[in-house]
Amino acid sequence: MDVYVYSAGSMLPGPPVDIPTLARRFRMTSIWEQWVEAFIGTPVRHYSVDLDTGEARFSLADLATTAAERALAAAGMTAADVDLVVMGTSSPDMLMPATVNVVADQLGVDGVPTYQLQSGCTGAVQALDVARHMLRSGAARTALVLGADSCAKHFDLTADVSALPPEEQVNGVLFGDGAGAAVLGTTPPPEPVALRWTQVHCVGHNRPPGQTLNWFGAAERHVLRPAAVEDYRAVQEAVPPMAVETLDEVLDVLGWDRDGLDYVLPPQLSGRMTAEIQARLDVPQAQEVSCVGETGNTGNALPFFQLERLLPGMVTGDRAVGVAIESSKWIKAGFALEKVGP
């Protein structure tokens, strides 16, 4: 049974925040700004928290609900049409209730299976994978798939950022907040784009995590442990070859020629990293679909931002492959799309 991607939608909170704004807010030097530009290369990001007042303007559920509403509207559907909801996130609003269920409640979706996958940057593809398998099995006909993350909850606006080590500083400029959604189903739409393949491989055996996010319970609230740490050097070394491996694996399993690929959706880690990965993928004839320069790294929302840009431009016969790599415990994920009509 074929599975089709009907639409995608997204949501970014607040205005874009550029590097000079961050530098002024956290009293960083011009040398720091130059380091961020050279090392990260991501011009802007969006936050759910007001950096001046500390006010939280959006919850993760708020962002995901808006993205879902936009995806459903783009598909010409309502919450009543949804019979499966799957969400990928690394930063839920709370441990319980699951954010996916709060989103379902806010949408008015009830009486259907819901799943929340706790994962980093591959969580969106993992959610697509679960939805695809359930749709193919006949367990559902229409699925709402969500990916959302918020780094704002990890911000300590009173911290002396200049005193933090680089592995903690990098998270504040690398990541932003956002949510994305896609509507999938088994009934061919007028302009069908088939989800041909999804795959997820954990490859972290005997490898230290490249990124760590900590939760703190009441008994641990005074523990001196950073909320977020990233080994960006390890990410720089490991992610590009993993991305190449994933692209090759997807093309191989589908029997697609590299030269026949029309679009590629590379991992959106940062402006600099995305450019490096795209060059390593070596598909010059394929159009790159990237958004990190406008959105920042929004984690599990990113593939849906890419899909939102991709879908309107596809014509019959077009093929696209998306790649996502998670550095927390090293996961390779990929998906493939083909426009098959009308």
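No lab work stands behind these numbers, since they all come straight from the coordinates. Fair warning: this is a prediction, and the values are worked out from it, not measured in the lab. Please note: Cβ atoms are built from the backbone with ideal geometry, for glycine as well, and neighbour counts cover all protein chains shown.
Can you give the charge dipole size of the stretch 55-162 about its Cα centre, rounded to the nearest 20 debye, using +1 on the beta carbon of Lys and Arg and -1 on the beta carbon of Asp and Glu?
420
Which of Val244, Leu254, Val200 sits closest to the plus end of the dipole of the stretch 188-258, meaning its Cα is farthest towards the positive end, when Lys and Arg get +1 and Asp and Glu get -1 on the C-beta?
Val200
Given Cα pairs under 8 Å that are at least 6 residues apart, what percent is the relative contact order of the chain? List each step's numbers first, then the result.
Values: 784 pairs, mean separation 87.5, N = 342.
Relative contact order, the chain: 26 percent.
Give the distance, in whole Å, between the Cα centre of the stretch 3-34 and the Cα centre of the stretch 231-250.
24
Once you put a point 7 Å from the Cα of Ser30 and another 7 Å from the Cα of Leu157, both along the Cβ direction, what distance in nm separates them?
About 2.8 nm, to one decimal.
Tell me, in nm to one decimal, what length is gained between Arg136 and Asp110 on full extension, where the rule is 0.36 nm per residue of separation less the Cα-Cα distance? Let's see the in-between values first.
Details: separation 26, 0.36 × 26 = 9.36 nm, distance 2.17 nm.
Gain on extension, Arg136 to Asp110, equals 7.2 nm.
What's log10 of I(q)/I(0) for the chain at q = 0.12 Å⁻¹, Debye sum over Cα points only, no solvent?
-0.81
Checking a compactness column here: for the stretch 10-95, what do you get for Rg(Cα) / (2.2 N^0.38 Å), N being the number of residues? Write out the running numbers ahead of the final one.
Numbers: Rg = 17.3 Å, N = 86, 2.2 N^0.38 = 12.0 Å.
Relative to the 2.2 N^0.38 Å estimate, the stretch 10-95 comes out at 1.44.
At a 10 angstrom cut-off on C-beta neighbours, averaged per residue, how do the peptides 98-105, 319-326 rank from highest to lowest? Please list the in-between numbers first.
Numbers: 98-105: 21.8, 319-326: 27.1.
Ranked from most to least packed, the peptides come out as 319-326, 98-105.
Between 0 and 90 degrees, rounded to the nearest ten: what's the tilt of helix 271-281 against the longest Cα principal axis of the chain?
Taking the Cα atoms of the chain, the angle to 271-281 is about 40 degrees.
Between the stretch 187-221 and the stretch 274-300, what is the C-alpha centre distance in whole Å?
18
Could you state the number of Å between the C-alpha centres of the stretch 120-161 and the stretch 55-95?
Distance between centres, Cα-based: 10 Å.
For the stretch 285-299, what does the Karplus curve 6.51 cos²θ - 1.76 cosθ + 1.60, with θ = phi - 60°, yield as ³J(HN,Hα) per residue in whole Hz, taken in order and with x for Gly and Pro?
Along the stretch 285-299, the couplings run 7, 8, 6, 7, 10, 10, 9, 4, x, 9, 10, x, 7, 9, x Hz.
Using the per-residue mean of other Cβ atoms lying within 10 Å as a proxy for protection, in what order, highest first, do the peptides 198-205, 233-240 fall?
Working: 198-205: 15.2, 233-240: 17.1.
Top of the packing list down: 233-240, 198-205.
Taking the Cα centre of the stretch 193-339 as origin, sum charge times position over the Cβ atoms of Lys and Arg (+1) and Asp and Glu (-1), and report the length of that vector in debye to the nearest 20. Before the final figure, lay out each step's value.
Details: 13 positive and 19 negative charges, 105 e Å.
Its charge dipole is roughly 500 debye.
Can you show me the helix-derived [θ] at 222 nm for the chain, built from DSSP H runs with n ≥ 4 at -39,500 (n - 2.57) apiece and divided by the number of residues, rounded to the nearest 500.
Numbers: 10 runs with 113 residues, N = 342.
-10000 deg cm²/dmol, from helical runs alone.
Taking the Cα centre as origin and putting +1 on Lys and Arg beta-carbons and -1 on Asp and Glu beta-carbons, what dipole magnitude results for the chain, to the nearest 20 debye?
On the way: 23 positive and 41 negative charges, 55 e Å.
That gives a dipole near 260 debye.
Relative to 2.2 N^0.38 Å, what does the C-alpha radius of gyration of the stretch 147-246 come to as a ratio? Two decimals please. List each step's numbers first, then the result.
Numbers: Rg = 18.7 Å, N = 100, 2.2 N^0.38 = 12.7 Å.
So the Cα radius of gyration is 1.48 times the expected 2.2 N^0.38 Å.
What residue among Gln106, Tyr232, Gln118 has its Cα farthest toward the positive end of the dipole of the chain, where the charges are +1 on Lys, Arg and -1 on Asp, Glu, each on the Cβ?
Toward the positive end, the furthest listed residue is Gln118.
In sequence order, what are the phi-derived ³J(HN,Hα) couplings for the stretch 319-328 according to the Karplus relation 6.51 cos²θ - 1.76 cosθ + 1.60 with θ = phi - 60°, rounded to whole Hz, with x for glycine and proline?
Values per residue, Gly and Pro as x: 10, 9, 10, x, 10, 9, 10, 9, 9, 5 Hz.
Have a look at Thr29, Ser162, Gln211 and report the one farthest towards the positive end of the charge dipole of the chain, computed about the Cα centre with Cβ charges (Lys/Arg +1, Asp/Glu -1).
Highest projection toward the positive end goes to Gln211.
Can you spot the aspartates and glutamates whose alpha carbon is less than 14 Å from Lys329's alpha carbon? Ignore those fewer than 8 places along the same chain.
Output for Lys329: Glu230, Asp231.
Give the whole-number value, in cubic angstrom per residue, of the convex hull volume spanned by the C-alpha atoms of the stretch 264-342. Each step should come with its number before you reach the end.
On the way: hull volume 7.3 nm³, N = 79.
It is 93 Å³ per residue.
Under a 5 Å amide H to amide H cut-off, with H placed in plane at 1.01 Å, what residues pair with Ser119 once short-range neighbours are removed?
Residues meeting the criterion, in which the H sits 1.01 Å from N, are Thr89, Ser90.
Can you give me the convex hull volume of the Cα atoms of the stretch 193-339, divided per residue and expressed in Å³? Could the numbers behind the result be given before it?
Working: hull volume 19.1 nm³, N = 147.
Dividing the Cα hull volume of the stretch 193-339 by its residues yields 130 Å³.
Could you state the angle between the C-alpha long axis of helix 123-137 and the longest principal axis of the C-alpha atoms of the chain, as a value from 0 to 90 degrees rounded to the nearest 10?
Once rounded, one gets 20 degrees.
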